[in-house]
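Colleague: For reference, the structure I am asking about is given below.
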Amino acid sequence: MKSRTIKVDYLARVEGEGALYVKISDNKVKDVKFKIWEPPRLFEAFLRGRNYSEAPDITARICGICPIAYQMSSAHAMEAAFGVTVDPQVRALRRLIYCGEWIESHPLHVYLLHAPDFLGYENAIQAAQDHPEIVQRGLQLKKVGNDLMAFLGGREIHPINIRVGGFYKVPTKQGFAPFIEKLKWARDAALETVRWTATLPFPDFEQDYEFVALRHPDEYAITEGRLVSNKGLDIAISEYDDHFVEEHVAHANALRSTHKGRGAYHVGPLARYNLNFDKLSPLAQQAARDAGFGPVCRNPFKSIVVRSVETVYACDEALRIIDQYEMPEKPAVEVQPRAATGHGCTEAPRGILYHRYRLDAQGVILDAKIVAPTSQNQKCIESDLWQFVPKYIDLPTEELTWRCEQAIRNYDPCISCATHFLKLHIERD
Amino acid sequence: MPPAKGGTLIIGLGNQYRRDDAVGLTVARHLKEAAPAHVRVLEESGEGTALIDSWQGADTVILIDAVHSGAKPGAVRRFDAHGQPIPTRFFHYSTHAFGVAEAIELARVLGQLPPRLIVYGIEGKTFEAGLGLSPEVEKAAQEVVERVLGDLCCNHHLPGVSVLI
C-alpha cells in the first residue's frame, strides 16, 4: 500500500501561525487536519471583571489587521445591552471607518499574500522584483484605507477614538476634504484590481457551501443586519448561540464553529457577495459583471476577485458617506449601564465577528464570548481540502503542498484572531 | 505624519497584551522621555506595509521588536539592514503574515529603504496573552534604550555591518 503524508509546519502568508496535516494512503485522502495553536480564550478571561467601556480598546488588540471589527462588535454588544441607539451620523461614521478597514485589509491580502500564489511566486518580495508597479498599487491602495482609519480612529493600528455610544471626537465635514481625491483614486485602483485579478488562472473548484453573512434591507451589510444563509437561516444576531456551536477539536487550540443542524459554514467576502450581491453599489456590481462574475460565485479561489469587488464597493460607499455627512451635535450618546446581556456582530474583512457580553448593573463584564471569522471557517477549510486534494493527488508532494496552502489562503485566515499561531503540515509516506 | 526629510525616527513594535511581545513598545516609551527632542518616536503593531509608510522621508530609522529565535531570553541582536538581509524566521513571532522582515525586504526591492535602518531584536521568553515583561526582557529593554541613545549620539558614524551580541 502506497501512502504519504503532506506536512507544512509553518504556513506562510497567513496572519498568525498554523499548520496543515494531510494523510494520503493508497492514493486516497485519509485525514485532513487544519491545526491552530495557542490557548484560545485568554482575551475572554482578560475581559472578565473589566468595565464595559474598556472592551473596545482591549479587544482591538486581538488583531492588528482588523481592530475596527473588534471595536464595533464590542461597542454594538454593549449598546444593545444598555438599550442605546447612536446618532445616525455617528452610525454613518462607523460604517465609514469600517470601509477604511476593508480598504486596508483586502488589498493587503490580494496583493501581498494571495496574488503571489496565482503568479507562481513564493512571496510578494519576489513578485515585486518582476512587477514593482503592481505591488506599489496594492500598497498605495491599502494606504488610503490606513489613512482613513487613522483620521477617524486616531491612529490606524488599534484606533483609540471609538467608544461605547459613539466616538470621543468626530470630524467636521471640511476635515474629509483631503480624502475625496484619495478615495476616487483608490476606487479607480480597485476597479483596476478587479480587472487584473479576474485574469489570474483559477482551478476549477466549486463547492456547495452554506454561506452565512449579515443582510440589511437598505445596504451591503457591514455593521448591522440579520444573520442569513443560502440554506434558510434568517435570525437576529441575538439568536446566534441558538444556531451555532463551538466545538473543541483535539488538533486545534481554537474552538471550531459549526451550524447546529448542518455543520460547516462559510463566512467572509464570498458569503457576503453571494448573499448580498443586489446590495452592492451599481459600480461594484458592474465591475463584477465586466470581469465575468454574476451574483453567484462558489469557487473559493475566486475570492481574490470578490475581495477586489468589495474594495471597489468600500471606496464607493466611503465617498457616498462623506458626501452626505453632517457633523453630529454630540460625538456620543450617554450610556447608562444595567444588568443585561448584549450581542454584537459585524462583518470583519474575513467574515462575521460575534461578541456576547453579560454585564452587571454597574457595567462590569461578568462573562465574554468572542467568535472570530477564522474559527468559523476552520471546518470549511478542512472540507475544501478533503475535496481539493483528490483532484491534484498525482502532483509531486511539493506542488501538492503548495496547492493546499493556496486553498487555505483563499480564506485569508487570521489565526492571530482565532488564536495566535498557526502552522501548516502535509504528509505522504 | 512622516518626519521632516533627514529626520531620525524610532519605531517600537509589538502588542501590549502579549507579554514580552510588548518590549519594543516599552523601549519606545522610555526613548520618548530620553531621546533628544528632534527624534520622533512611534509605537506600531509590526504590520509591515504600515512600517514602510511610517519611515517615508526619514533619514535614520531605528526599529525595536521582540524576536523568538531560540536564544536566551533577553538576548539582544542588532542588524544594519543595509549590511545584510533580515532573516524572516527571526522575526517569526510577529502575528503578521507581512511583518518586519518582509517589510524590510520588500522596501529593499522597491527602493524604499531609509538611508539608514538599524533593527534591534530582543529575545522574548513568553508571548502568551497578558500584561508585563519577563524580568530578563525588562532588563534587555533598559540595555537597548542605552544602546539606541548611543546610536543617536554617534549617528554620523553608524557601522556599515551588523554588530551581534
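What follows draws every value from the coordinates through simple rules; no lab data is involved. Please read these numbers as outputs of a predicted model, since none were measured by experiment. Counting neighbours? That spans all protein chains shown, and the Cβs are built from the backbone with ideal geometry, glycine included.
Colleague: Round to the nearest 10 and give me the degree value, 0 to 90, for the angle of helix A:67-82's Cα axis relative to the longest principal axis of chain A.
Modeller: Around 50 degrees separate the two axes.
Colleague: How big is chain A by Rg and Dmax over its Cα atoms, in Å?
Modeller: Using the Cα atoms of chain A, the pair Rg, Dmax is 21.0, 74 Å.
Colleague: Over all alpha-carbon pairs of the range B:8-164, lay out the pair-distance distribution in 5 Å bins, whole %, shortest bin first.
Modeller: Taking every Cα pair in the range B:8-164, the percentages come to 2, 10, 21, 25, 23, 14, 5, 1.
Colleague: Run the dipole for the protein assembly as shown about the Cα centre, Lys and Arg Cβ at +1, Asp and Glu Cβ at -1, nothing else charged, and hand back the magnitude in debye, nearest 20.
Modeller: That gives the protein assembly as shown a dipole magnitude of about 360 debye.
Colleague: Take the residue pairs A:K28/A:K302; A:K143/A:K169; A:K142/A:K391; A:K33/B:K72; A:K302/A:K391; A:K260/A:K302 and return only those whose Cα atoms are more than 24 Å apart.
Modeller: From A:K28/A:K302; A:K143/A:K169; A:K142/A:K391; A:K33/B:K72; A:K302/A:K391; A:K260/A:K302, over 24 Å: A:K28/A:K302; A:K142/A:K391; A:K33/B:K72; A:K260/A:K302.
Colleague: Additional query: Only Cα pairs under 8 Å and at least 6 apart count here; give the relative contact order of the range A:18-151 as a rounded whole percent.
Modeller: 17 percent
Colleague: Extension gain A:D31-A:E122, at 0.36 nm per residue separation less the Cα-Cα distance, in nm?
Modeller: Once the chain is fully extended between A:D31 and A:E122, it gains 30.1 nm.
Colleague: If you don't mind, there's one more thing I want to ask. Starting with the highest mean, order A:306-312, B:122-128, B:132-138, A:107-113 by the number of other Cβ atoms within 10 Å, averaged over the residues of each peptide.
Modeller: Ranked from most to least packed, the peptides come out as A:306-312, A:107-113, B:122-128, B:132-138.
Colleague: Whole Å is fine, so just give me how far the alpha carbon centre of the range A:216-274 lies from that of the range A:175-196.
Modeller: Their Cα centres are 31 Å away from one another.
Colleague: Compute the distance in nm between two label points, each set 7 Å from the Cα along the Cα-to-Cβ direction, one at A:T172 and one at B:A71.
Modeller: Placing both labels 7 Å along Cα→Cβ, they lie 5.1 nm apart.
Colleague: What residues have an amide H closer than 5 Å to that of A:R50, excluding those fewer than 5 places away on the same chain, when H is modeled at 1.01 Å from N in the peptide plane?
Modeller: A:I365
Colleague: Quick one: what does P(r) look like for the range A:101-228 with 5 Å bins over all Cα pairs, in whole %?
Modeller: 2, 9, 14, 16, 18, 17, 12, 8, 4, 1
Colleague: If you don't mind, there's one more thing I want to ask. Roughly what angle does helix A:88-107 make with the longest principal axis of chain A, taking Cα atoms, 0 to 90 degrees, to the nearest 10?
Modeller: Once rounded, one gets 20 degrees.
Colleague: Could you give me the ³J(HN,Hα) list for the range B:126-137, computed from phi with Karplus coefficients 6.51, -1.76, 1.60 and θ = phi - 60°, whole Hz, x at Gly and Pro?
Modeller: 9, 10, 6, 5, x, 9, x, 8, 5, x, 4, 6
Colleague: Can I ask one more? Quick one: length gained pulling B:E138 to B:Q112 fully straight, 0.36 nm per residue minus the C-alpha distance?
Modeller: The B:E138-B:Q112 span can extend by a further 6.1 nm.
Colleague: Have a look at the DSSP beta bridges in the protein assembly as shown and tell me what percent are antiparallel, nearest 5.
Modeller: The antiparallel fraction comes to roughly 70 percent.
Colleague: How high is the FRET efficiency between A:E192 and A:N299 when r is their beta carbon distance and R₀ equals 22 Å, given to the nearest 0.05?
Modeller: Plugging the Cβ-Cβ distance into 1/(1 + (r/R0)^6) gives 0.50.
Colleague: Round to the nearest 0.05 the FRET efficiency obtained for A:R48 and A:A361 when R0 = 22 Å and r is the Cβ-Cβ distance.
Modeller: That pair, A:R48 with A:A361, gives E of 0.85.
Colleague: Quick one: which residues, 5+ away or cross-chain, put their amide H under 5 Å from the amide H of A:Y265? H built at 1.01 Å from N.
Modeller: Correct list: A:H259, A:C380.
Colleague: Quick one: Karplus J couplings for the range A:269-279, per residue in order, coefficients 6.51, -1.76, 1.60, θ = phi - 60°, nearest Hz, x for Gly and Pro?
Modeller: x, 5, 5, 4, 4, 5, 8, 10, 3, 5, 9
Colleague: Considering Cα pairs under 8 angstrom that are at least six residues apart, work out the relative contact order of chain A and quote it in whole percent.
Modeller: Rounded, it is 31 percent for chain A.
Colleague: Another question, then. Tell me, in nm to one decimal, what length is gained between A:R91 and A:W185 on full extension, where the rule is 0.36 nm per residue of separation less the Cα-Cα distance?
Modeller: Stretched out fully, the A:R91 to A:W185 stretch lengthens by 31.3 nm.
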